[in-house]
Amino acid sequence: MKKYGFLLLVTLLVSATGAYAQGDTALVDDAINAINNSDAAYFERVLADDAVWLDEDGHAIAGKGGVTRFLGRLMGPDQKMVTRNVKVMMVGDAAWAYFNYAVEVGGQVAIEGLGSAVFTRVGGNWQIALIHGAHNVAGHD
């Protein structure tokens, strides 16, 4: 189950363009699509050099390379991440998002959780600065 926890991602999540607006879920959608397509190049482009991944299992992974490798190990070929209730807020050169997610394996939900991310705009492009992925624990809603 730890394999899926990182994703919230995942969840994580930002695009390399500055064309997003307040409440625009594409900021998160682009990252989820990259996760589902095993697109490590996307994260090489959009993760800040000092990006950090945190989850409830005690992972604290720092740096673009470490976070990219971590994300690359977590999704298998028959897995898909889906999101709902995506909320995105922006103020100046900062944005943050939170959302519910599910990791589906063979079309069945294997894990659900809450993801959040913090973004910063650098030179007109959004970068992911922080990702927090938490999965629901049995018996706790």
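The values are calculated or read from the model by the stated rules, or taken from the named source; none is laboratory data. As the structure is a computational prediction, the values presented were derived from the model and not from experiment. Don't worry about glycine lacking a Cβ; one is built from the backbone with ideal geometry, like all the others, and counts go over all protein chains shown. The accessibility values were calculated without ligands, DNA or RNA, using every heavy atom of the protein model including side chains. Shrake-Rupley method; radii C 1.70, N 1.55, O 1.52, S 1.80 Å.
Brief remarks follow.
- Taking the criterion of being open to solvent by 20 Å² or more (accessible area, probe 1.4 Å), under 18 Å from Val103 (Cβ atoms) and of a type in the set (D, E, K, R), the residues of the range 33-61 that qualify are Asp39, Glu56, Asp57.
- Single residue of Lys80, Lys64 found to be in contact (Cβ under 8 Å) with a residue 40 or more places away in the chain and either open to solvent by less than 20 Å² (accessible area, probe 1.4 Å) or at negative phi (or both): Lys80
- When the residues of the range 67-77 are filtered to those that are touching a helix residue (DSSP H, G or I) at 6+ places or on another chain (Cβ under 9 Å) and open to solvent by 20 Å² or more (accessible area, probe 1.4 Å), the one that is modelled with the lowest pLDDT is Met75.
- Qualifying position, being assigned to a loop (DSSP other than H, G, I, E, B) and either closer than 17 Å to Glu44 by Cβ or β-branched (Val, Ile, Thr) (or both), among Val82, Val109, Val137: Val137
- Filtering the range 105-119 to residues that are open to solvent by 50 Å² or more (accessible area, probe 1.4 Å) and either on the phi < 0 side of the Ramachandran plot or not small (Gly, Ala, Ser) (or both) leaves Gln108, Val109, Glu112, Leu114, Val118.
- Flag for Tyr98 being at pLDDT 90 or above, open to solvent by 30 Å² or more (accessible area, probe 1.4 Å) and aromatic (Phe, Trp, Tyr): yes
- Selection of the range 39-61 for residues being farther than 24 Å from Met89 by Cα and modelled with pLDDT of 85 or more yields Asp39, Ala40, Ala41, Ala60, Ile61.
- Scanning the range 85-95 for residues that are open to solvent by 50 Å² or more (accessible area, probe 1.4 Å), part of a strand (DSSP E or B), of a type outside the set (S, T, N, Q) and farther than 10 Å from Val28 by Cα turns up just one, Val91.
- Filtered by the rule that a residue be part of a strand (DSSP E or B), within 15 Å of Ile35 (Cα to Cα) and either touching a His at 6+ places or on another chain (Cβ under 7 Å) or charged (D, E, K, R) (or both), the range 50-79 gives a lone residue, Trp53.
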